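Since the structure comes first, as structure tokens, the remarks are kept for the end.
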Amino acid sequence: MKSRIVAMALVFAGAALASAASMAQADPKNSGYAMFGHGSAEANVWRSGSYGGQAGINDTLCWRTGYWTPAMAVAGCDPDLAKPAAAAPATPAAPAATPTAPATPPAAAPAAAVRKISLASKALFDFDKSVLKPEGRAAIDREIIAKLPELAKIELVLVTGHTDRIGSSAYNQGLSERRAETIRAYLVSKGVPTDRIESLGMGLRQPVTGNSCQQKNRSQLIGCLAPDRRVEVEVKGEAKQ
């Protein structure tokens, strides 16, 4: 009777193993192990009662099937044989940004050049006259016309006539205007654009001698006031680079 009970137990155990093996083949992850057929892939494997002196599922040996191979190992049963999960391919690093060339600063505007030339009336006109003398034309050619090519562009030429204080204010105003207009006409004849040149008379209002000339003798006074009798030519334009 006892031998019959042992035989029945062995038959039952064999049937259980066969059933577990059949269920193990149904799970592709743990198909090399005998399984319960339920639970997670790591926890549904049949295990021995104890391993390493401690009881419990996490410290026991898994039951392998007869067709188990190392390729079927799982980390929960055979951590030394299980293949680590393939790491996700590393995302390629973004290419380094190409350094942006610094923006070219805008070209600076050409500097404005201003030339102010004062010509003595004695070199230009006879006393109390507004007719340009030959030596006056030569002075203008030398001091003004010869220097105009230094400018890339002429923006304005201003001709201003001045007189001394001898005579009435109205008379000196007219004389200064006539002399300024004479110089303007000569500059235009030398190529200065008509729309870029202006003339005006200041009469006796802007003396450069101030109150320094107090001679009683007329000839001496005329000589002392000579710097006041002048024509100023102011040229404004763009200097060449």
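The values are calculated or read from the model by the stated rules, or taken from the named source; none is laboratory data. Computed from a prediction, not measured in an experiment: that's the story for all the values here. Note: ideal-geometry Cβ built from the backbone for every residue, glycine included; neighbour counts use all protein chains shown. For accessibility, only protein heavy atoms count, side chains too; no ligands or nucleic acids. Shrake-Rupley method; radii C 1.70, N 1.55, O 1.52, S 1.80 Å.
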Legend entry - Count of residues meeting criterion [assigned to a loop (DSSP other than H, G, I, E, B) and open to solvent by less than 70 Å² (accessible area, probe 1.4 Å)] in region 128-146: 5
Legend entry - Odd one out for F125 among (1) surrounded by fewer than 14 Cβ atoms within 10 Å (Cβ to Cβ); (2) over 50 Å from the mean Cα position of the chain (by Cα): (1)
Inset, instruction - Could you grab me the full set of residues in region 143-153 that are at pLDDT 90 or above and touching a Lys or Arg at 6+ places or on another chain (Cβ under 6 Å)? - result: I145
Inset, instruction - Would you check if R64 is at pLDDT 70 or above and either open to solvent by 90 Å² or more (accessible area, probe 1.4 Å) or among the hydroxyl-bearing types (S, T, Y) (or both)? - result: no
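What about A180, is it within 54 Å of the chain's Cα centre (by Cα) and open to solvent by less than 10 Å² (accessible area, probe 1.4 Å)? Spell out how you get there, then give the answer.
Details: within 54 Å of the chain's Cα centre (by Cα): yes; open to solvent by less than 10 Å² (accessible area, probe 1.4 Å): yes.
Yes; evaluated as a whole, the condition is true for this residue.
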Inset, instruction - Please state which one of L204, L221, L151, L225 is open to solvent by less than 40 Å² (accessible area, probe 1.4 Å) and within 18 Å of L119 (Cα to Cα). - result: L225
